[in-house]
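Okay, so here's the structure we're looking at.
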Amino acid sequence: MLSPLAAGQWGMVTASQARELGVSRVDLNRLVHDGSLDRVDAAARVYRLAGSPPDPDLDELRAAWLQLGEGMPTARRLRDPDAVVCRRSAAAVLGLGDLLADVHEFYSPVRRRPRRADVCIRVRTALPPGDWRVVGGLPVTTAARVVTDLLADREDQSAVARVVQDGLRAEVLGRGELEDLVAAAAAAYGAPSPSAMAAALADEPMAAMGE
């Protein structure tokens, strides 16, 4: 009963989803005891089908996202996301840069109070459809949105530069859009102009910023 649902969720299922399918907490405990299910570390009431291949880099983020769904099927949540992976967490999913994502960051259209200290919810009532896409089964902000958000957070410039350069190499960012992305943050970073800031992040010659 749980297998078809878990198959589309990296082998995982939440207690709330199981309850919607008529599987009780007692049933879940029995399935754990007989080895059919494993509890997911650091994610209360999230289970994995035994034998499902783990992904150490992304499973904690995936489990946190599942917990936020309150029993709603993943397919429905992806059509109209109630939580979108953002900032450092999004950079990690997209494989951009090397910023540590020790807190799972999400945009949500409504204020929420997660029970986990390692989950950060940022209220954003209207995230434009073009600012996110589904990556590996998760709704994730685009590389362009990640860069804009990291600059707004005043992340270290060299760290943002690595995100930008990885994005350029992966062709999920274009050099032509960089100047617009950095325009609002250039002055705060001490850049003489958005074009100089864009050049710096792309690791292009930037005599103007160095002088």
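Remarks
- Scan of the stretch 14-26 for residues that are among the small types (Gly, Ala, Ser) and either modelled with pLDDT under 90 or loosely packed, with under 11 Cβ neighbours inside 10 Å (or both), ordered by number: 22
- Single match in 58, 31 (criterion: touching a residue at least 60 places away in the same chain (Cβ under 8 Å) and more than 19 Å from residue 70 (Cα to Cα)): 58
- Qualifying position, being among the basic types (Lys, Arg) and within 14 Å of the chain's Cα centre (by Cα), among 112, 122: 122
- The listed residue being closer than 28 Å to residue 167 by Cα and either in contact with a His (Cβ under 8 Å, 6 or more places away or on another chain) or of a type in the set (Lys, Arg) (or both), out of 79, 115, 111: 79
- One residue alone among 133, 162 is in contact with an Asp or Glu (Cβ under 8 Å, 6 or more places away or on another chain), modelled with pLDDT of 95 or more, basic (Lys, Arg) and not assigned by TED's automatic domain parsing to the domain that holds residue 43, and that residue is 162.
Condition check ((1) more than 24 Å from residue 92 (Cβ to Cβ); (2) at pLDDT 90 or above; (3) of a type in the set (S, T, N, Q)) across all residues:
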| position | (1), (2), (3) |
| --- | --- |
| 28 | yes, yes, no |
| 54 | no, no, no |
| 60 | no, yes, no |
| 63 | no, yes, no |
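- Filter result (exposed (fewer than 13 other Cβ atoms within 10 Å of the Cβ) and assigned to a helix (DSSP H, G or I)) within the stretch 30-46: 33
- The strands (runs of 3 or more DSSP E) found wholly in the stretch 92-211 and carrying at least 1 residues that are hydrophobic (A, V, I, L, M, F, W, C), touching a residue at least 60 places away in the same chain (Cβ under 8 Å) and buried (at least 16 other Cβ atoms within 10 Å of the Cβ) occupy 138-141.
The values are calculated or read from the model by the stated rules, or taken from the named source; none is laboratory data. Since this is a predicted model, take the numbers as computed values, not measurements. Backbone-built Cβ (ideal geometry, glycine too); neighbour counts: all protein chains shown.
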